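Peer 1: Quick one: this structure, given as structure tokens, is what I'll be asking you about.
The values are calculated or read from the model by the stated rules, or taken from the named source; none is laboratory data. If you're wondering where the values come from, they're calculated on a predicted model, not measured in any experiment. In this analysis, Cβ positions are derived from the backbone assuming ideal geometry, glycine residues included, and neighbour counts consider all displayed protein chains.
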Ligand SMILES: Nc1ncnc2c1ncn2[C@@H]1O[C@H](COP(=O)(O)OP(=O)(O)OP(=O)(O)O)[C@@H](O)[C@H]1O
Ligand SMILES: Nc1ccn([C@H]2C[C@H](O)[C@@H](COP(=O)(O)O)O2)c(=O)n1
């Protein structure tokens, strides 16, 4: 079968493994990679930085087209800048994480970011893996392959707090409060699933993969197999 560019949409709630899986699959298959959550985080960072009240939807809407957001799509070194500033680190902080659901619920923000996502996908001649919450339903409804990742809240909280513990450097933060992490994940899921415009949802034609009992390598293998079934081979 001839190799053709492939567009892969990977959606799902927080902590299900979208970023880890998408990056690895894209690197293995010679595809570009787009983290759409990073774009919503970047515009949220800019709003906070500009002193805009993120709970004031009209103020957020009025400013939605102001920042210039640029995503680098190399899966081995993805980048994100706002008006030329590298924001890869600050967009992962608690302040942005706590505000991103409110900002990303504003329709003017979604219109702006969706246009950006579609133009990046259209420019990816070799194909692309795009991960987020509404890629299969709204951003790229004609994607060649749609995956919806899930995992139990307990597993997701354990993974996330292990990651936070690693980042903060050791067992003192052990567990990084799994219970609080679980609550925060579920709060964000509820906000992202409950918003009016383009909520987190599984596309009708998406393949659901429950990653609770799978290693990351098993999830990657599963997605690679599904891509190969569509006629694409690794480089
Ligand atoms: N199948 C897996 N088994 C074990 N750990 C995993 C698995 N998938 C991902 N992880 C780990 O779980 C954590 C969360 O994964 P990741 O950031 O990829 O999720 P995500 O769905 O992109 O989350 P978010 O939407 O919040 O950005 C990371 O530390 C990652 O290494
Ligand atoms: N396609 C997308 C991607 C992300 N968001 C919003 C909702 C998330 O809570 C937030 C951060 O995403 P993460 O970095 O945790 O994947 O961005 C969205 O609305 N649509």
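Peer 1: Quick one: how many residues across the stretch 21-40 are within 10 Å of the chain's Cα centre (by Cα) and under 21 Å from residue 158 (Cα atoms)?
Peer 2: Number of matching residues: 2.
Peer 1: In the stretch 206-235, what count of residues is obtained for those that are part of a loop (DSSP other than H, G, I, E, B), modelled with pLDDT of 95 or more and surrounded by 12 or more Cβ atoms within 10 Å (Cβ to Cβ)? Talk me through it step by step, then tell me what you get.
Peer 2: If we filter the stretch 206-235 for residues that are part of a loop (DSSP other than H, G, I, E, B), which is where we start, we get 206, 211-215, 230-235.
Narrowing the set further to residues that are modelled with pLDDT of 95 or more leaves 206, 211-215.
If we keep only those that are surrounded by 12 or more Cβ atoms within 10 Å (Cβ to Cβ) as well, we get 206, 211-212, 214.
Number of matching residues: 4.
For every residue, the table says whether it meets (1) part of a strand (DSSP E or B); (2) touching a helix residue (DSSP H, G or I) at 6+ places or on another chain (Cβ under 8 Å); (3) away from ligand 1 (no atom under 16 Å from the Cβ).
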site	(1), (2), (3)
101	no, yes, no
115	no, no, yes
147	yes, yes, no
158	no, yes, no
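Peer 1: What are the residues in the stretch 93-119 that are in contact with a strand residue (DSSP E or B) (Cβ under 7 Å, 6 or more places away or on another chain) and near ligand 2 (Cβ under 8 Å from one of its atoms), if any?
Peer 2: Scanning the stretch 93-119 gives a single hit, 117.
Peer 1: Might you check whether a residue that is away from ligand 1 (no atom under 16 Å from the Cβ), outside any helix (DSSP H, G or I) and surrounded by 24 or more Cβ atoms within 10 Å (Cβ to Cβ) occurs anywhere in the stretch 57-79?
Peer 2: No, the conditions are met nowhere in the stretch 57-79.
Peer 1: I'd like to verify a number: residues in the stretch 201-216 that are farther than 18 Å from residue 24 by Cα and without any contact (Cβ under 8 Å) to a residue 24 or more places away in the chain, how many?
Peer 2: Going through the stretch 201-216 one residue at a time, the tally reaches 2.
Peer 1: Identify the single condition in (1) touching a strand residue (DSSP E or B) at 6+ places or on another chain (Cβ under 7 Å); (2) not in a helix (DSSP H, G or I) that residue 45 does not satisfy, given that it satisfies every other one.
Peer 2: (2)
Peer 1: Still on this structure, I have one more. If residue 150 satisfies all but one of (1) more than 25 Å from residue 203 (Cβ to Cβ); (2) touching a residue at least 40 places away in the same chain (Cβ under 8 Å); (3) surrounded by fewer than 20 Cβ atoms within 10 Å (Cβ to Cβ), what's the number of the condition it fails?
Peer 2: (1)
Peer 1: A further question on this structure: Please determine, by comparing only the residues of the stretch 1-23 that are surrounded by fewer than 22 Cβ atoms within 10 Å (Cβ to Cβ) and in a helix (DSSP H, G or I), which one is farthest from ligand 1 (Cβ to nearest atom).
Peer 2: Among those that are surrounded by fewer than 22 Cβ atoms within 10 Å (Cβ to Cβ) and in a helix (DSSP H, G or I), it is 23.
Peer 1: Right, something else. Filter the stretch 90-102 down to the residues that are over 15 Å from the mean Cα position of the chain (by Cα) and surrounded by 15 or more Cβ atoms within 10 Å (Cβ to Cβ) and list them by number.
Peer 2: Result: 90, 98, 99, 102.
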